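Trainee: Dropping a structure here in structure tokens format, bear with me for questions.
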């Protein structure tokens, strides 16, 4: 696929606007607090535990299926069909959350799992478009633009949900998110290109994909030319666990520990989206010029500081300050991580390798929620101790990333890979 016209890049970034309705309302704010505190009940931390179990279950399912899904899409030429299909199911699950009432613990749990699994699956194909539609020297800026537009989408989603949250009509929050997700996904559905290669039947692609998925896993784990990818993914596995956990429990923490109302939670996260938009935009050019590794390591220091400060907050305004600090690092670490991976994947295998990137991200979202929920439950609802435990993920991720020698300026690194995509320089087999 040649370098795509501007309208294709715009359509790609608009999908980040669209799916941010799910991320903002369902993953981060209203639904987690609603489910844990009102549907389940959270006086003893049971709601924390069940919400953490839902997220972890969804991530396990995603981790087990994402590489295979990516491989099938590559071999069948079905990237766009899979992308649209998973998005539609996620939108349906979001709309059905309007039927969840206090006491419907299992129904609310199942919808959360289905929604998160399909949301994450669609992102595999969305991410795999990046190295195909952006020129090498623009990878960091296009990736950051997607996240920046996504944070704008979160703001719109919060504005749409706020009138319903203000009168405790939470069903309206979930329906408004579903409608916004559906309508704003349409440009990507119509404009993003399908695969140029002649597709093979899905059944044949599934068999071949399953076989080659194992081969790709062995390649990532043992091949000398994948040593830097291997080291990066090990670090990403750890620090992404911390990011996912903070995002999915921030609303629950604010509601239970600091007494935030649902209206205050929405306003808080609107502020986070503004700061995240500013952060992702501010770090877009440095990601290309200084390299994604530099940006990721700097933001991991910032994330570790956020968890320590969250432990000490006593007043609501303290948490507002911490939230702004977290927001400025959120967009930067996500955009730079995606750019980092894009510099490492071989051409014509983007969905396959981004499937493993997704696998690592999902696996890196299994332990953190369980740790947070378990620590809170075992310590009779002490969420301060739980957030400190999560902070350790950022420290370990920072240390592991120091072993990666890739991740420099994208113009140089990506340019070299473009000239010789199949013949990288020899490296050792050391993990």
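Trainee: Set the Förster radius R0 to 35 Å, insert the Cβ-Cβ distance between residue 10 and residue 289 as r into 1/(1 + (r/R0)^6), and round the FRET efficiency to 0.05.
Mentor: 0.90
Trainee: For the chain, modelled as a GNM with alpha-carbon contacts under 10 angstrom, which of 321, 25, 183 fluctuates the most?
Mentor: Comparing 321, 25, 183 in the GNM, the peak value goes to 183.
Trainee: Any idea what angle helix 227-257 forms with the longest principal axis of the chain, computed on alpha-carbon atoms, 0 to 90 degrees, nearest 10?
Mentor: 20 degrees
Trainee: A further question on this structure: Express in nm, to one decimal, how much length is gained between residue 81 and residue 403 on full extension, taking 0.36 nm for each residue of separation and deducting their alpha carbon distance. Walk me through the intermediate numbers first.
Mentor: Working: separation 322, 0.36 × 322 = 115.92 nm, distance 3.79 nm.
Once the chain is fully extended between residue 81 and residue 403, it gains 112.1 nm.
Trainee: Okay, moving on. Does a label point 7 Å from the Cα of residue 225, set along Cα-to-beta-carbon, have any residues of the range 327-349 with amide nitrogen under 11 Å, and which are they?
Mentor: 346-347
Trainee: Give, in nm to one decimal, the length gained when the segment between residue 321 and residue 379 is fully stretched (0.36 nm per residue of separation minus the Cα-Cα distance).
Mentor: 18.2 nm
Trainee: Report, in degrees rounded to the nearest 10, the 0 to 90 angle that the Cα long axis of helix 170-191 makes with the longest principal axis of the chain.
Mentor: 20 degrees
Trainee: Using only Cα atoms, tell me the angle between helix 105-128 and the longest principal axis of the chain; keep it within 0 to 90° and round to the nearest 10.
Mentor: Here the helix axis deviates by roughly 30 degrees.
Trainee: Among 299, 13, 222, which comes first, second and so on when ranked by fewest other beta-carbon atoms within 10 Å?
Mentor: Ascending Cβ contact count within 10 Å gives the list 222, 13, 299.
Trainee: Using label points projected 7 Å from each Cα along Cα→Cβ, tell me how many nm separate residue 89 and residue 171, to one decimal.
Mentor: The two pseudo-label positions are separated by 2.6 nm.
Trainee: For the chain, what is the mean residue ellipticity at 222 nm derived from helices alone (per DSSP H run of n ≥ 4: -39500 (n - 2.57); sum divided by total residues; nearest 500 deg cm²/dmol)? Walk me through the intermediate numbers first.
Mentor: Numbers: 18 runs with 329 residues, N = 431.
Value at 222 nm, helices only: -26000 deg cm²/dmol.
Trainee: Given a 10 angstrom Cα cut-off, can you work out which residue in 204, 313, 88 is the most mobile in a GNM of the chain?
Mentor: Between 204, 313, 88, it is 204 that shows the largest mean-square fluctuation.
Trainee: Can you tell me the alpha carbon radius of gyration of the range 214-301 divided by the globular rule-of-thumb value 2.2 N^0.38 Å? Show your work: numbers first, answer last.
Mentor: Numbers: Rg = 17.9 Å, N = 88, 2.2 N^0.38 = 12.1 Å.
Scaled against compact globular proteins, the figure is 1.48.
Trainee: Next up: Which entry is the computed semi-axes √(5λ) of the Cα gyration tensor in Å for this structure: [x] 88, 25, 16; [y] 40, 24, 22; [z] 33, 24, 20?
Mentor: [z]
Trainee: Give me the one-decimal nm value for the distance between modelled label points at residue 64 and residue 308, 7 Å along each residue's Cα-to-Cβ direction.
Mentor: Computed distance between label sites residue 64 and residue 308 equals 4.0 nm.
Trainee: Of the listed peptides 49-57, 302-310, 164-172, what is their order by residue-averaged count of other C-beta atoms within 10 Å, with the highest listed first?
Mentor: Values: 49-57: 23.4, 302-310: 20.2, 164-172: 16.3.
Peptide ranking by packing, descending: 49-57, 302-310, 164-172.
Trainee: Continuing with this model, one more query. Taking neighbour counts of Cβ atoms within 10 Å as a proxy for exposure, in what order, fewest first, do 179, 40 appear?
Mentor: 179, 40
Trainee: How long is the gain from residue 215 to residue 392 if the chain were fully straight, where each residue apart is worth 0.36 nm and the alpha carbon distance is subtracted? Don't jump to the answer; show the numbers that get you there.
Mentor: Details: separation 177, 0.36 × 177 = 63.72 nm, distance 3.29 nm.
Contour length minus the Cα-Cα distance gives 60.4 nm.
Trainee: Now, a different point. Test of understanding: ordering 263, 256, 293 by Cβ neighbours within 10 Å, fewest first, what list do you get? Provide the component values of the computation, followed by the final result.
Mentor: Numbers: 263 13, 256 21, 293 24.
With the sparsest Cβ surroundings first, the list reads 263, 256, 293.
Trainee: Work out the FRET efficiency for residue 159 and residue 110 from their Cβ-Cβ distance, taking R0 = 22 Å, and round it to the nearest 0.05.
Mentor: Details: r = 29 Å, r/R0 = 1.31.
So, using R0 = 22 Å, E works out to roughly 0.15.
Just so you know, all these numbers are worked out from the coordinates, no wet-lab data involved. Note that the structure is predicted; figures quoted are calculated from it, not measured. We place every Cβ from the backbone using ideal geometry, glycine too, and count neighbours over all the protein chains shown.
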